[in-house]
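Participant: Structure incoming, see below.
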Amino acid sequence: MKPLNLFYEEPDPDRWFKFDRYPRKVIRRIVRGKHRPGGVMMIAINLMKGLDKLGITYRFNDYKYIKKHPEEIACIIGKHEVLFDNQWKNPVIFGAGIYSHPIECPNLFELYPNVKRFLVPGEWMRKMFEDAYGDEALAWPVGIDTEYWKPLPGEKKIDFLVYYKIRWQHEQQEKELIEPIVKIMNDQNITYQFIRYGSYVHQDLVDGLKISKAVIFLCEHETQGAAYQQVLATNTPIFAWDRGGYWQDDYYYPHRVQYQPVSSVPYWDERCGLKFANPIEFAEKLPVFLRSLDTFRPRDYIMENLTLELCAEKYLDIYNQVEKELK
């Protein structure tokens, strides 16, 4: 098999004058420290890790090579600028991590007929794209590094690590969700600590999991949900708020897009834990969840569905299908 041609870049345009992106990059490094990969960048990184484990070779951002070989497939992972800002003659697999809804580019396949597949992270999102993009939109999750995220030794001193990733309607959710849940736990002498999305590094999450029996995951919805899947990979059960209903992104909803149903845990089965839709269900299911802690097997689910190798194999299946169609 020929090496895959992978492409990923973070957009960093000039802001005030020509080439100012270079000194700004240096200043950012000095002020903020070493750059931490974001969620979309981790799609590229973990795909390459999976390919490495499978022994599949690839080129990364080799624009010189790909321009000389227009017959080969370009695998563009994340950041639509990589496609839009270059004159591609190659067939393209586009995604995942491009944009959130097809209204951002409803005529993608007319403007770029060389795009053969558009990848999104999960199934409910694929269904949201289906009307506009048809069968060319596919669900493909990136793999979880199960060597890094593995069962953690430690004394489980507290009952729950509460993973807080609520992104919209904060005041309303504090009143209608967080306060009732906290009161229920306080009334039952359940111990807990919070960790907030966007304000922690991986080690903070690892340290919290070492001392926690389980996780309460609070998020309106996830397209894939790498963070909760990392938790599952440590064999830590999750009590997940899964409200369903409409996609809540306030850039789109309700004035531009109204789509339902969505999920906060799109990759899941009964081994992972339990789900609740509201504080009433939280109270009803909490004793059942706590009694069942020793019966959940969340890592087994990850090992059967979302390892680096398995997800890289799924990507290769898509690649091979496109390649077959081109012959």
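Each reported figure results from applying straightforward, stated rules to the coordinates on display, with no laboratory input. The structure displayed is predicted, hence computed values, not measured ones. Here the Cβ is made from the backbone with ideal geometry for all residues, glycine too, and neighbour counts use every protein chain on show.
Participant: Counting other beta carbons within 10 Å of each residue's own, what order do M1, M303, M185 fall into, fewest first?
Facilitator: Ranking M1, M303, M185 by Cβ neighbours within 10 Å, fewest first, gives M1, M303, M185.
Participant: Okay, moving on. Given an 8 Å cut-off on Cα distances and at least 6 residues of separation, report the relative contact order of the chain as a percent.
Facilitator: For the chain, the relative contact order is 17 percent.
Participant: Most exposed first by the Cβ proxy, i.e. fewest other Cβ within 10 Å, how do C75, C311 rank?
Facilitator: Going from least to most buried by this count: C311, C75.
Participant: Among S263, S199, rank each residue by its count of other Cβ atoms within 10 Å, from fewest to most, as a rough exposure measure.
Facilitator: If I rank by nearby Cβ atoms, fewest first, I get S199, S263.
Participant: I want to verify the translational diffusion coefficient of the chain in µm²/s; compute it with Stokes-Einstein, Rh as the Kirkwood radius over Cα pairs, at 4 °C and 1.567 mPa s.
Facilitator: My calculation gives 60 µm²/s for D.
Participant: Under 5 Å between amide H atoms, partner at least 5 residues away or on a different chain: which partners does I144 have, H built in plane at 1.01 Å?
Facilitator: T307, L308
Participant: Under 8 Å for C-alpha pairs, at least 6 residues apart: give me the relative contact order for the stretch 158-305, rounded to a whole percent.
Facilitator: 26 percent
Participant: As a test of the formula, what do you get for the chain when each DSSP H run with n ≥ 4 contributes -39,500 (n - 2.57) and the sum is divided by the residue count, at 222 nm and rounded to the nearest 500 deg cm²/dmol?
Facilitator: Roughly -11000 deg cm²/dmol at 222 nm, from the helical runs in the chain.
Participant: Okay, next question. Is there a quick way to get the dipole size of the chain? I mean about its Cα centre, with the Cβ of Lys and Arg at +1 and of Asp and Glu at -1; what is the value in debye to the nearest 20?
Facilitator: With only Lys, Arg, Asp and Glu charged at Cβ, the dipole is about 1160 debye.
Participant: Beta carbons within 10 angstrom, averaged per residue: use that to sort the peptides 123-135, 238-250, 186-198, 208-220, highest first.
Facilitator: 208-220, 238-250, 123-135, 186-198
Participant: Peptides 286-292, 48-54: what's the order by average Cβ count within 10 Å, highest mean first?
Facilitator: 48-54, 286-292
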